[in-house]
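Chemist: Please see the structure below; I have some questions.
Where a number appears in this text, it was derived from the coordinates with a stated rule and is not lab data. Keep in mind the model is a prediction, meaning the values are calculated, not measured. Using ideal geometry, Cβ is built from the backbone for each residue, glycine included, and neighbour counts are taken over all protein chains shown.
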Amino acid sequence: MEPLPEVTDPRIIDGRKIAQGIEAEVKKEVEKFTNERGIKPALATILVGEHPPSKLYVKLKHWACKRVGIASEDHKFPQETGQEEIIELIETLNRRPEIHGILVQLPLPKHIDEREVMMRIAPEKDVDGFNPLNMGKMLIGREGFVPCTPKGIIRALEEFNIDPQGKEVVVVGHSNVVGKPAAIMLLNRNATVRICHIFTRDLKSHTREADILIVATGVRGLIKADMVKEGAIVFDVGITWQDERVYGDVDFEGVLPRVSLISPVPGGVGPMTIAILMEHTLMAAKLQSGEK
Ligand code: NAD
């Protein structure tokens, strides 16, 4: 992919810059933790199949580990691998004390039950926050390991000193990975939240009300200018690969004149997600060593 141009428009959220800030902090902390405790935080990734974007995302995660001084292990399986084999590896990784975080790259092939696999990751190593225990804690407002993408969005809001309390938030997409946890995390911060999805009637009537609009559908260009409120803050999570390029769910050029802030694709939510994963791996290493 070609390098991204410098972000100069103040309305555009520079996800790479926010990610660099998070990674710089993690790097410093990792160094301190390793020096003091003699423990190097370590992440193990599991990739099943040959899906090119998934291979790229895993590679980007390993590069990030390298940048911040986290050790990483790459476990790859062919597409036809059975669920039991993946679970067996997870259980081995759960038992290995030198591995602190386990990440299963989604989506998994159709014959594997994603939820079953996620349940097998030890909650204290669940750096992606998909284990039901961590999900449940998030639901009752005790956020520990939460899904990295919505946490990146929360971090971006903090970066711009935007308090979600009392704001109208509309989340388009209701997956366990992005939509639902984004909605819950904003609800935890006292926003008024509604969740839209494929079966929502008249999507526009909802999105037009949003002070903060989060779109995670994977439908390229779904959100057009007339679906966005004047002055809204828009997070475009969607990624569609077409002809070696990525596109978001928002018609960026059309929507930009209406918004006060918008995250672009690429260069928005993606890099922040990876930076949060680094933060979580450090957090996991600290927790497992008895540090808070
Ligand atoms: P998913 O396929 O599990 O869920 C898609 C959601 O969009 C569903 O809730 C569905 O009901 C909704 N939807 C689909 N078409 C719609 C329509 N026409 N109108 C309204 N709602 C519609 O996907 P996901 O895992 O939540 O991911 C969503 C997108 O975000 C994908 O493009 C994915 O690649 C991307 N993603 C990006 C990051 C990142 O780090 N940037 C992380 C995770 C996912």
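Chemist: Where in the chain are the DSSP H helices whose C-alpha atoms run 15 Å or more along the long axis and whose mean Kyte hydropathy is at least -1.0? Walk me through the intermediate numbers first.
Modeler: Values: long enough: 15-37 (32 Å, -1.17); 52-68 (25 Å, -0.54); 83-95 (18 Å, -0.39); 148-159 (16 Å, -0.08); 269-288 (28 Å, 0.91).
The answer, listed by residue number, is 52-68, 83-95, 148-159, 269-288.
Chemist: If you don't mind, another one. Set the Förster radius R0 to 35 Å, insert the Cβ-Cβ distance between W241 and I198 as r into 1/(1 + (r/R0)^6), and round the FRET efficiency to 0.05.
Modeler: Numbers: r = 20 Å, r/R0 = 0.58.
Using R0 = 35 Å, I get an efficiency of 0.95.
Chemist: Using Cα pairs under 8 angstrom and six or more residues apart, how large is the relative contact order of the range 39-123, in percent?
Modeler: On the way: 112 pairs, mean separation 36.1, N = 85.
Answer for the range 39-123 is 42 percent.
Chemist: Between H111 and K76, what is the spin-label point distance in nm, taking each point 7 Å from the Cα along the Cα→C-beta axis?
Modeler: Once both label points are built, they end up 2.0 nm from each other.
Chemist: Could you give the length gained by full extension between I162 and E36, i.e. 0.36 nm per residue of separation minus their alpha carbon distance, to one decimal place?
Modeler: Gain in length upon complete extension: 41.8 nm.
Chemist: Taking springs between alpha-carbon atoms closer than 10 angstrom, which of V219, V177, V265 fluctuates most in the Gaussian network model of the chain?
Modeler: V219
Chemist: Also: If r is the Cβ-Cβ distance from R11 to E84 and R0 is 41 Å, what FRET efficiency results, to the nearest 0.05?
Modeler: Working: r = 49 Å, r/R0 = 1.21.
Computed FRET efficiency for R11 and E84 comes out at 0.25.
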